[in-house]
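For reference, the structure discussed in these notes is given below.
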Amino acid sequence: MAITAGLIKDAVNNAVGYANSAMVSLTANSAALSEISPMAPHVGISTRNSVIGKANTLIPQYGVRAIVSMSMVPISSDELALFRKNGIEWHAYPINDVVEQSLIPIAEYIHQYILTPRVGNIAKLGRVVVVCDMGVSRSVSIVLYHLMRTYKWNFDQALQWGRKRRKFIQPNPGFEKQLRSLRV
């Protein structure tokens with residue numbers, strides 16, 4: 001394959017987006033859909049900080065009934081109480097954003113019991129937002145897994161779909177390898 005200016009530009013943009021995504025901030029005046037990126041009819045991606053403190057304002061307006069956090073940072077008991085008061089479930093599945101982290105078992109569990117809309121699952125009740133610290137790797141990897149399993153897509157199809165909906169998404173190399181090896 002020939003290396004073109006376009007390929008180099010794409011590679012640089014992807015690397016810069018991944019490395020500097022922490023610098024991308026959302027203001028308090030941002031529209032809700034810029035804070036929660038819809039990835040499927042009932043599944044969105046966001047950052048942990050975009051949902052903390054907004055349980056009684058932003059989230060109920062958009063039908064969110066659950067937050068699935070992949071962050072290693074625990075939620076405070078006050079925040080948890082606020083989410084529960086507003087009818088929003090908080091599920092924590094802390095995983096490290098490192099190449100050695102196993103992804104598929106927890107992704108399968110979240111896919112089967114939380115994100116797949118059917119009787120008894122949370123997604124049947126409303127939108128589920130999957131969050132991590134930056135909304136770039138861990139939460140994205142879980143949602144890409146869900147899209148791959150739901151729509152029988154390969155990794156590249158799911159990634160392309162995701163990038164149309166959220167500018168900065170980049171599973172870490174270990175997550176990408178695991179997702180690429182998935183046969184749906």
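No value in this document is a laboratory result; all are computed from the given coordinates. This structure is a prediction, so every number in the text was calculated from the model and none was measured. Ideal geometry is used to build each Cβ from the backbone, glycine not excepted, and the neighbour counts take in all protein chains shown.
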Inverse mean reciprocal Cα-Cα distance (Kirkwood Rh) of region 28-181, Å: 15.3 Å
Hey, rough spin-label estimate for N56 and V98, points 7 angstrom out along Cα→Cβ, what's it come to in nanometres? 3.9 nm
Going residue by residue through region 113-118, the Karplus relation 6.51 cos²θ - 1.76 cosθ + 1.60 with θ = phi - 60° gives ³J(HN,Hα) values, rounded to whole Hz and with x marking Gly or Pro, of 9, 10, 8, 7, x, 7
Report the net charge of residues surrounding H42, where surrounding means a beta-carbon distance below 10 angstrom and charges are Lys +1, Arg +1, Asp -1, Glu -1. +3
May I ask for the net charge around Q112, where only other residues with Cβ less than 10 Å from the Cβ of Q112 are counted and Lys, Arg are +1 while Asp, Glu are -1? +1
First measure r as the distance between the Cβ atoms of Q157 and Q112, then evaluate 1/(1 + (r/R0)^6) with R0 = 22 Å and state the FRET efficiency to the nearest 0.05. 0.60
What percent antiparallel are the DSSP beta bridges of region 28-181, to the nearest 5? 20 percent
Quick one: how many lysine pairs does region 28-181 have with C-alpha atoms less than 28 Å apart and a gap of 8 or more or different chains? Give me the count, please. 13
Kirkwood Rh and Cα-based Rg: tell me the resulting Rg over Rh for region 122-184, rounded to two decimals. 0.96
